[in-house]
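Okay, structure first, notes after.
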Amino acid sequence: MSDKEREQILQAQHVDTDRIFTLPNMLSFLRLLLIPLIVYFFETDQYWWAFGMLLFSGATDVIDGWIARTFHLVSDFGKAIDPIADKLTQLAVLFCLMRQYWWVLAALLFKEIFIGIMGLIVLHKTHSVYSAGWYGKLCTVVIYLSMFALILWEPVFGVPADPTFVLIDSIVIVALILLAFFKYLFYFLRILREARADSARNDA
């Protein structure tokens, strides 16, 4: 393969990762638009509608990832907007469900802000956006399952969610948030260390 052909392939790959208006990204935008609807339905005691919208939001999250990987529509913008849509959804719904347990929201908000800043630093140093690890995905799954359970508790059982269950659920969520926080922290620090080492070798 000639140098010119290699350069053309690299340019094509770069354009491919810069795409914004793809179907997966549109689904991420849709999740952002669903947030006020979910909050409205919950605050007006329309719990089944709130559950349906949240379930639909979670389904689009799974579908857009599958589409992006299957049809090679993965983009740097998508890697950024997808977790933003997820975390804003989680923060909004958890605020409705667990506002008395402010430390759950504080832990999630702190983790997302700190890791977001670390992600921007890594992007600046390596010019790459990195996808979520298994620990982040596990945390997201547990949070969504918790939200589903708490939204449906009253319409299914006819009484507000049991305080003991909510407290234990809150502790589990915070534990997973802290696990994801430290795993991401060490992950990004390793990437920055490797980038610094590569830069030093290139300058040598």
Region 26-51, residues that are closer than 12 Å to Met147 by Cα and not hydrophobic (A, V, I, L, M, F, W, C): Tyr47
Being in contact (Cβ under 8 Å) with a residue 24 or more places away in the chain, of a type outside the set (A, V, I, L, M, F, W, C) and within 17 Å of Met98 (Cα to Cα), is that true of even one residue in region 162-170? yes
Test: residue in region 77-90 that is touching a residue at least 12 places away in the same chain (Cβ under 8 Å), more than 14 Å from the chain's Cα centre (by Cα) and surrounded by 14 or more Cβ atoms within 10 Å (Cβ to Cβ): no
Within region 118-153, how many residues turn out to be modelled with pLDDT of 80 or more, among the small types (Gly, Ala, Ser) and either open to solvent by 40 Å² or more (accessible area, probe 1.4 Å) or closer than 30 Å to Asp45 by Cβ (or both)? 2
Quick check, is Lys125 closer than 16 Å to Leu91 by Cα and charged (D, E, K, R)? no
Of the criteria (1) more than 20 Å from Gly78 (Cβ to Cβ); (2) surrounded by 18 or more Cβ atoms within 10 Å (Cβ to Cβ), which one Ile115 fails: (1)
Restricting to region 154-204, and then to whatever is touching a Lys or Arg at 6+ places or on another chain (Cβ under 9 Å) and surrounded by fewer than 13 Cβ atoms within 10 Å (Cβ to Cβ), can you tell me which residue is modelled with the lowest pLDDT? Ser199
Based on what the data block shows, is Ile143 among the hydrophobic types (A, V, I, L, M, F, W, C) and under 24 Å from Leu37 (Cα atoms)? yes
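The values are calculated or read from the model by the stated rules, or taken from the named source; none is laboratory data. All values derive from a computational prediction rather than experimental measurement. Glycine gets a Cβ as well: all are built from the backbone with ideal geometry, and neighbour counts include every protein chain shown. Protein only, heavy atoms only, side chains kept; ligands, DNA and RNA dropped before computing areas. Shrake-Rupley method; radii C 1.70, N 1.55, O 1.52, S 1.80 Å.
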